[in-house]
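Reviewing the structure listed below.
The values are calculated or read from the model by the stated rules, or taken from the named source; none is laboratory data. Everything numeric in this text was worked out from a predicted model, so none of it was measured. Note: ideal-geometry Cβ built from the backbone for every residue, glycine included; neighbour counts use all protein chains shown. Side chains are part of the model used for accessible areas, which takes the heavy atoms of the whole protein and leaves out ligands, DNA and RNA. Shrake-Rupley method; radii C 1.70, N 1.55, O 1.52, S 1.80 Å.
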Amino acid sequence: FFLFHFLGLPTTCPAILGNNQADQSDSRTPHTMITRSALCGLTLLIATFSLLSASAHSLRQRSPQDDSNQQFSDADHDHRRLSLKSLMKTNFKVSNDPKTTQAKGYVCARGEVPWDDHDEILAEIPSYISAYHARHKFFAIELDLVKDDIVTNFGGTGLFHTFTIWVVLRKLKPKVIVESGVYRGFTSWMIARATEDYSPLIVRVDPWAVGWNGVYGNPRPDTFVDYRGDNYMDFTRIDWDELFDEHFLSPGDKASTLFILDDQADQLRRLEQLSRMGFQHVLVDENFVPAMGVAFSVKDACDKAGDLRLAFARTDKSGESSPRRCDNARKDCKRMTPTEIEKAYEEFDSLIDTYWEGPPLAPLARPYSSLMKKLEAGYIDGPSEWTLNHAKLVYQSSKPPLYNSLEEASKSTGLSEMHLSYESGRYTNMAYIKLKRHHHHHQENESRRRLNDEEEDDDDPSKPKTKGYVCNKGTIAWDTKVKILSELNSFIDMHHLRQKFFKIDINNQGFNYGSFGMFHSFILWVVLRKTKPTVVIESGVAGGYTSWLISKATEEWNPLIVRIDPKLKGWDGMNLNPNASKMVNLRGDEYQDLTEVDWDALYAKHGLSRADKATTLFILDDHQDQVTRLSQIRQMGFQRVVVQSNFVPGVGDAFSLKDACDATGFVRRNFNSSTLKSVPIQPNRCTNYHKTCEKIDPFESQLVALDLDDMVKTYWEGPPLSPIVRPYQAVIPFIVDKNIFEGPKVWTDNHDRLVVESTKAPFYDTLQLASTVTGFSEEYLAFESGRYVNIAYVELNPIEE
């Protein structure tokens with residue numbers, strides 16, 4: 001029975017004799033039943049004898065030359081192909097004799113996790129096993145799936161790995177869990193069960209939409225978000241800020257989100273993407289030993305010496321091992337040179353703070369046995385022929401099991417030794433990873449000092465010869481650190497009230513994603529409090545967060561507030577607003593562009609004169625060419641403007657004032673999207689959300705700079721509250737991944753350098769100091785530093801009549 005079960009052959013008499021013989025219950029008699037039982041037993045006996053005879057004959061026919069190319073051992077038995085008997089051993093022993101193998105296995109490890117205690121991990125066994133059996137029942141009865149698949153979750157995450165997921169979830173308690181690679185939803189069901197005491201948001205990403213939909217039988221379907229099937233998007237293309245906004249999550253929740261990667265993609269590349277997006281916690285499935293599997297694994301990258309990689313690599317026609325780095329379910333593979341292998345480890349080292357492999361539940365009685373058919377068929381990378389030495393290396397490269405024997409594991413879990421033995425063949429070193437913070441980004445003011453090292457720049461031709469700059473013109477009376485920071489306490493009070501207002505009173509989210517970040521909001525608060533405008537005009541409103549800030553900053557003198565936006569969403573400006581009568585909405589159906597509004601008539605209607613235009617403040621956040629906007633505003637008789645989205649030259653979805661200020665074009669060329677050194681770089685001048693763009697040559701750049709100089713009396717960029725430790729992190733996905741902003745195709749450290757150089761010194765020198773003074777966490781301040789894009793206050797020269 002065990003032999004037939006392992007080979008996937010029929011193990012019941014009805015299956016062997018055929019249903020037409022075995023299911024004729026109406027005509028059964030004791031005599032016929034005995035006859036059929038005897039026939040069934042005889043058939044099984046003959047088939048078994050035939051299989052064993054064929055196996056023995058095959059072994060006898062093997063030539064000694066068949067094993068002559070094996071590189072691991074001088075012992076004959078280590079050169080044999082793994083026999084069925086070898087795979088079925090319940091206790092696979094590994095010799096420490098150096099003669100048994102040239103390469104030695106290793107357990108990749110880095111840092112520590114708080115739950116890495118044998119007894120603490122095993123304390124989760126009872127609840128896990130209960131959920132494991134409940135899942136079988138749910139999928140077999142409620143969803144009517146094939147029973148054999150239910151027991152094993154064939155093709156999905158195995159028993160040992162699911163337990164590692166269970167433990168990490170119970171200990172880490174992430175508020176958001178993202179599955180990249182879902183298959184039929186077995187793991188999704190276990191995630192929901194493991195986290196039912198606090199119900200996190202569960203995001204599922206998969207090009208296929210099969211199996212459990214996350215809704216049926218789920219008491220909290222509202223916690224599931226599916227990007228599957230027709231709704232599929234790779235996680236790099238999801239707008240996480242918007243998604244978090246919709247589910248009332250804060251930036252701090254992004255850093256505590258857990259990704260579960262089972263998508264057959266290059267795992268090191270995936271980690272780099274997650275690091276760049278600001279995520280830190282990851283679980284990786286299919287974390288194969290080096291040179292094996294369908295995609296490059298983290299464990300492969302950890303193999304600095306490369307001995308294991310050579311041991312498991314498939315040999316080419318010359319007989320040499322030739323390791324590869326694969327991606328996209330092994331559709332994209334390339335040979336790895338020694339230099340590339342070294343770089344992979346360096347990236348592993350720079351990315352990963354903590355790496356912890358979950359130990360197997362029971363001894364690995366059948367290392368990688370579930371992969372043998374795929375390996376033989378060439379569906380996965382791996383050695384040309386699997387030997388006992390490979391199995392030993394897998395064993396040596398895995399942590400000791402939680403239970404010392406199959407018998408002990410069976411008694412504790414209630415699962416059969418056969419089932420545990422089968423699952424041991426599916427174990428591939430699932431690992432929990434914590435990524436380093438601020439990977440690829442500068443660390444506080446140390447980076448600023450390094451950036452100014454001109455001698456280093458001169459020696460390195462890969463670095464741009466131009467320096468960043470802070471555009472500046474004229475002076476303002478309140479441009480002192482003391483005067484600006486005198487507004488900080490009132491701003492912080494407002495900031496907390498706004499979070500409460502939008503999260504509770506408006507049933508929205510307290511953090512202003514997609515618009516003014518916290519650093520920009522503070523500068524706007526200061527400008528409002530210092531200039532005391534009689535009218536405030538918002539061109540670009542979004543969810544109304546900035547409108548609420550304006551109303552709070554100006555409640556002492558209660559100016560007219562005009563809001564302009566083609567879309568109608570978020571706060572209406574009326575709800576819970578004591579000064580709603582001073583709020584004018586030109587949004588949605590009432591929308592008019594600021595150039596179309598009859599400002600004289602509007603001012604007269606509200607008891608204002610044309611003289612009040614000089615004390616009106618425009619706030620531009622409408623994704624239009626900012627130089628054109630200034631010209632329009634000036635022509636209408638207005639003089640004061642705050643510009644948001646004031647990107648460095650060559651970046652963004654609309655031409656910025658900071659771009660126009662770059663008369664020489666040196667900085668613009670370094671941020672331009674062209675990566676072909678031989679092609680002259682001609683940047684774009686864009687407007688209307690990057691929908692309309694035209695080339696701008698060096699001569700035109702100088703003319704634009706002259707026009708700006710003629711229009712502008714004062715140009716002042718507001719400094720960031722804390723150091724820019726994550727330059728443009730919120731913007732990079734729109735440039736590199738989504739390609740909807742102008743900017744370089746590949747974002748490098750040089751671009752980070754120029755962003756930092758082009759930004760004023762922060763009010764507080766370190767994140768720690770800024771956190772102590774403001775009460776905001778260092779993580780939140782670091783997040784907000786990635787949203788800072790040089791907000792500026794501008795005073796225009798009046799047009800002489």
- Is the stretch 693-710 home to any residue that is at positive phi, of a type outside the set (D, E, K, R) and open to solvent by 10 Å² or more (accessible area, probe 1.4 Å)? no
- Message: So, in the stretch 163-189, how many residues would count as being at pLDDT 95 or above, crowded, with 21+ Cβ neighbours inside 10 Å and in a helix (DSSP H, G or I)?
- Response: 7
- Out of the stretch 726-758, which residues are part of a loop (DSSP other than H, G, I, E, B) and more than 18 Å from I791 (Cβ to Cβ)? K738, N739, I740, G743, P744, K745, V746, W747, T748
- Being buried (at least 20 other Cβ atoms within 10 Å of the Cβ), within 30 Å of F235 (Cβ to Cβ) and of a type in the set (A, V, I, L, M), is that true of even one residue in the stretch 736-753? no
- Query: Does at least one position in the stretch 619-627 carry a residue that is touching a strand residue (DSSP E or B) at 6+ places or on another chain (Cβ under 7 Å) and without any contact (Cβ under 8 Å) to a residue 40 or more places away in the chain?
  - Reply: yes
- Item | Enumeration of residues in the stretch 555-578 that are part of a loop (DSSP other than H, G, I, E, B) and either of a type in the set (S, T, N, Q) or within 15 Å of A542 (Cα to Cα) (or both) | N558, P566, K567, L568, K569, G570, W571, D572, G573, N575, N577
- Could you list, in sequence order, all residues of the stretch 711-728 that are farther than 22 Å from E795 by Cβ and surrounded by fewer than 23 Cβ atoms within 10 Å (Cβ to Cβ)? none
- Task: Name the strands (runs of 3 or more DSSP E) wholly inside the stretch 303-414 in which the number of residues that are within 26 Å of F163 (Cα to Cα) and β-branched (V, I, T) is 2 or more.
- Result: 352-357
- Give E779, E757 a once-over and let me know the one that is over 29 Å from C693 (Cβ atoms) and open to solvent by 20 Å² or more (accessible area, probe 1.4 Å). E779
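One line per residue, one yes/no per condition, for (1) surrounded by fewer than 23 Cβ atoms within 10 Å (Cβ to Cβ); (2) closer than 25 Å to K481 by Cα; (3) modelled with pLDDT of 95 or more; (4) of a type outside the set (F, W, Y):
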{"site": "M518", "(1), (2), (3), (4)": "no, yes, no, yes"}
{"site": "L524", "(1), (2), (3), (4)": "no, yes, yes, yes"}
{"site": "A542", "(1), (2), (3), (4)": "yes, no, no, yes"}
{"site": "W548", "(1), (2), (3), (4)": "yes, no, no, no"}
- Item | Index of the failed condition, D653 passing every other in (1) surrounded by 17 or more Cβ atoms within 10 Å (Cβ to Cβ); (2) modelled with pLDDT of 80 or more; (3) under 30 Å from D600 (Cβ atoms) | (3)
- Looking at this structure, is D239 open to solvent by 10 Å² or more (accessible area, probe 1.4 Å) and over 30 Å from V394 (Cα atoms)? yes
- Message: Of the residues D332, D303, D285, only one is open to solvent by 20 Å² or more (accessible area, probe 1.4 Å) and of a type in the set (D, E); which?
- Response: D332
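Table: residues versus (1) surrounded by fewer than 19 Cβ atoms within 10 Å (Cβ to Cβ); (2) modelled with pLDDT of 95 or more; (3) not charged (D, E, K, R).
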residue	(1), (2), (3)
L602	yes, yes, yes
R610	yes, no, no
K613	no, yes, no
D622	no, no, no
- With A391, A365, A377, A344 as the choices, which residue is among the aliphatic types (A, V, I, L, M), over 16 Å from P290 (Cα atoms) and either buried (at least 18 other Cβ atoms within 10 Å of the Cβ) or at pLDDT 85 or above (or both)? A365
- Task: Go through the stretch 190-235 and give me each residue that's of a type outside the set (A, V, I, L, M), under 25 Å from V731 (Cβ atoms) and buried (at least 18 other Cβ atoms within 10 Å of the Cβ).
- Result: Y227, F235
- Query: Exactly one of (1) charged (D, E, K, R); (2) surrounded by fewer than 21 Cβ atoms within 10 Å (Cβ to Cβ); (3) modelled with pLDDT under 90; (4) at negative phi is unmet by R309. Its number?
  - Reply: (2)
- Message: List pairs: first residue in the stretch 260-277 and at positive phi, second residue aliphatic (A, V, I, L, M) anywhere in the structure, Cβ distance under 8 angstrom, at least six positions apart or on different chains.
- Response: Q264/V294; Q264/A295; Q264/A329
- Message: As an exercise: evaluate I238 against (1) touching a residue at least 60 places away in the same chain (Cβ under 8 Å); (2) not in a helix (DSSP H, G or I) and give the number of the one condition it does not meet.
- Response: (1)
